[in-house]
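Every read-out reported here was derived from the displayed coordinates using simple, explicitly stated rules and does not represent laboratory data. None of these values were measured; they are calculated from a predicted model. Virtual Cβ from ideal backbone geometry, glycine too; neighbours counted across all protein chains shown.
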Amino acid sequence: MSRVTKWMQIYEIIRDRITNEEYAPGSELPTNLELMKEFEAHSGTIQNAINTLIRDGLIFSSGSNPNRRRVRPILYRSSRKGDFLEEHGDLGLEKVVDIRIIYEDEELPTSLQDEFTAPVLFYQTRQYRDDILVATTYSYIPNVVDLKVLRGMLKEKGAMIYDCLKQLGVDPAECEEKLIASLPSESDREKLDLPQHANIPVVHIERRAFDPNGKCVQVCYMIDRADCYEFTYKFPLF
């Protein structure tokens, strides 16, 4: 039988205090010295527990002093809808990172080169809820509308991509999504601003939106924090 090390015992105690809100969300965690005194443990033992709490996304460094940490606010789960701002209302903020027209097929992702031909509008956003980055999206819209006009519309504050397409005469009637859940890679952590070595699960989503005639009018690749969303499905059994 494996023996539970002292740092793991300390980690589990602090984790339970955070989960039970004995340490309130956003509050400062006791210093390493205070924890050393409480648990009668060496500094290395405490640091192992702290590093694991940071890795699991339960606490984060506070300000310029790496010895001061705060409890990460508890995130509620949202039900996914067609548009991020529709999901979150005033709590949501969508920032445009990049928006441009791709004129060369070679600049498209390899997975799209057999499906789309240039010009294609590329639209990248970062989506925040309560000032926490919860998703990064990469959309590709084929030449089904005037892409220069669409680009201008999407630059407006609060613009929603499907509303813009409808205004230009294209009706995104339905979509299909492929989801893959996993622990984050280094690239995922960077794209979602996750703590280094954090094991917060992520969901990779590939969405395709279609008009009423079945023509694809958007392909969107998303990386979402899995602890921020719940996904509900309805499908026929036969």
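For this structure, a couple of remarks:
- Added length on full extension, which subtracts the Cα-Cα distance from 0.36 nm per residue, Arg100 to Thr5: 28.9 nm
- Mean separation of Cα pairs under 8 Å and 6 or more residues apart, divided by the residue count, gives the chain a relative contact order of 17 percent.
- Peptides ranked, highest mean first, by Cβ atoms within 10 Å: ranges 50-58, 98-106: 50-58, 98-106
- Across the range 6-71, Cα pairs under 8 Å and at least six residues apart give a relative contact order of 41 percent.
- For the range 188-238, the share of alpha carbon pairs falling in successive 5 Å distance bins from zero is 5, 14, 19, 17, 17, 14, 8, 5, 2, 0 percent.
- The orientation-averaged shadow of the Cα convex hull for the range 6-71, equal to a quarter of the hull surface, comes to 3.9 nm².
- Whole-Å distance, taken between Cα centres, linking the range 200-214 and the range 9-38: 39 Å
- GNM remark for the chain: springs join alpha carbons under 10 Å apart, and the peak mean-square fluctuation among Asn20, Asn143, Asn32 falls on Asn20.
- Taking the longest Cα principal axis of the chain as reference, the axis of helix 43-55 is set at about 20 degrees.
- As a proxy for reagent exposure, ranking Tyr138, Tyr233 by other Cβ atoms within 10 Å from fewest up yields Tyr233, Tyr138.
- Binning all Cα-Cα separations of the chain at 10 Å, short to long from zero, yields these whole-percent fractions: 7, 26, 28, 18, 13, 7, 1.
- Working note: 222 nm ellipticity from helices only, DSSP H runs with n ≥ 4, each -39,500 (n - 2.57), summed and divided by the residues of the chain, gives -7500 deg cm²/dmol to the nearest 500.
- The equivalent ellipsoid of the range 129-213 has semi-axes of 30, 16, 10 Å, largest first, where each one is the square root of 5 times an eigenvalue of the Cα gyration tensor.
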